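Worksheet for the structure shown next.
The values are calculated or read from the model by the stated rules, or taken from the named source; none is laboratory data. Note that the coordinates shown come from a computational prediction; the quantities given were computed from them, not determined experimentally. Cβ sites come from the backbone with ideal geometry, for glycine too, and all protein chains shown count toward neighbours. Heavy atoms of the whole protein, side chains included, go into the accessibility calculation; ligands, DNA and RNA do not. Shrake-Rupley method; radii C 1.70, N 1.55, O 1.52, S 1.80 Å.
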Amino acid sequence: MSRIRTAVPIPTEPIGSLPRPIELVDALSRKDSEDPSLVPRYEAAIRDTLTRFEATGSPVVTDGEQRKYHNFLTYPVHGLPNMNPDGFQIPFAAGHIRRMPRLTHGPFRYRRYADEFLRYAQRHTRVPLKQAVISPSALSLMYPPDGISGYSREQFIRDLLNEHEIEVRRCVLAGAAAVQIDFTEGRLAMKVDPSGHLLNSFILLNNMALERFSPEDRRRIGVHTCPGGDRDSTHSAEIDYEQLLPSLFELKVGRFYIALAGEPDRAHVLRTIRQHMKPDQMIFVGVVAPIDPRIETPEEVRDRVLEAARYIPLAQLGTTDDCGFAPFSDDTSTTRDTAFAKIQARVQGTALAAEALRRP
């Protein structure tokens, strides 16, 4: 008698950002991002995003970060009076540089929390929504190396952790299916400081925030890591995952979203994941690459999932996109049509893999 495998559903989730409609990008190039005349454009972009997301069959959706102010990184503090634009530099392989703002004086406070984006999206879809938030470690780069007179780094860290906790807790209470902490600076930290001291400080800081949440809450909280994705370019793809993953899996969250589709040696990364993952962690592997203009087929995605299933227990395996499709609002390197086609391939390919894995 042939042995029948028990059916194991494979969860699949997006990362977050999607390209804005060209009309919105054009308007943002001419107007301040908070100009009241842009509100109808933002709202139309969010409604269209959710409609198209639902059409892909995705069991979890996002608002595409259509209204995150300028980017996924500094949306909480955009427009604050105690910021200068000349902060930490993030160089990309394509030759361009993104910059963090620099904090000029205290106290540090968020100007907006991500639950405002979540609550608006909930009015326009019944599909479970996840919400991405930026990590404390990323925002810690705003504090200048030479300090701020009258506002110590210790006080800044206390304020930063308080603000992050407020944001995550508000998203959880608002009913987010998952709260994803964007930690794209993980591999970058090893590029900036190969000794590992910077990465370890990031892990410690993020865990200080995560320890404020209950084990039940942390099962709904995840961390996303990738080598960056902006204008079809990365900032740290040359850093081997072996330098990141042992520390990454020390983060006290239940979900890990790991860019994988764009890696030149996926099997090597999967072996590293298997070696360092813990039994209570869900691993969502990237199966489509947003910075690759070619649209993956569902069959390609299926094969990538089956490959991952050889290393990761099925009960702990999920799929995702490698990165957001447009983390910075002025990035037009990928079209909305391409992004949704890739998402649909992810959803369909994951279903094909689940079907293949439940056969005798």
Quiz prompt | Options I157, I239; residue that is farther than 29 Å from A339 by Cβ and more than 15 Å from the chain's Cα centre (by Cα) | solution = I157
Practice problem: May I ask you to list the residues in the stretch 89-117 that are part of a loop (DSSP other than H, G, I, E, B), within 14 Å of H235 (Cα to Cα) and touching a strand residue (DSSP E or B) at 6+ places or on another chain (Cβ under 7 Å)? | Solution: F92, A93, A94
Quiz item: Mind checking whether some residue in the stretch 158-174 is outside any helix (DSSP H, G or I), on the phi < 0 side of the Ramachandran plot, surrounded by 14 or more Cβ atoms within 10 Å (Cβ to Cβ) and touching a helix residue (DSSP H, G or I) at 6+ places or on another chain (Cβ under 6 Å)?
Solution: yes
Practice problem: Just need a number here: residues in the stretch 22-41 that are within 18 Å of D230 (Cα to Cα) and either β-branched (V, I, T) or at pLDDT 95 or above (or both). | Solution: 2
Self-check item: Residue that is under 30 Å from Q66 (Cβ atoms) and either open to solvent by 50 Å² or more (accessible area, probe 1.4 Å) or aliphatic (A, V, I, L, M) (or both), where the choices are L270, L314, L260
Solution: L260
Exercise. Kindly indicate the residue of the stretch 206-236 that is assigned to a loop (DSSP other than H, G, I, E, B) and more than 22 Å from S140 (Cα to Cα) and also farthest from the chain's Cα centre (by Cα) among those meeting that condition.
Key: S214
Practice problem: Please tell me if D193 is acidic (D, E), open to solvent by 10 Å² or more (accessible area, probe 1.4 Å) and within 17 Å of the chain's Cα centre (by Cα). | Solution: no
Quiz prompt | Subset of the stretch 206-245 [without any contact (Cβ under 8 Å) to a residue 40 or more places away in the chain and open to solvent by 10 Å² or more (accessible area, probe 1.4 Å)] | solution = S214, P215, E216, R218, R219, D240, E242
Quiz item: If we scan the stretch 109-130, do we find a residue that is over 19 Å from the mean Cα position of the chain (by Cα) and more than 26 Å from Y42 (Cβ to Cβ)?
Solution: no
Self-check item: Set A55, A45, A27: member being open to solvent by 10 Å² or more (accessible area, probe 1.4 Å) and among the aliphatic types (A, V, I, L, M)
Solution: A55
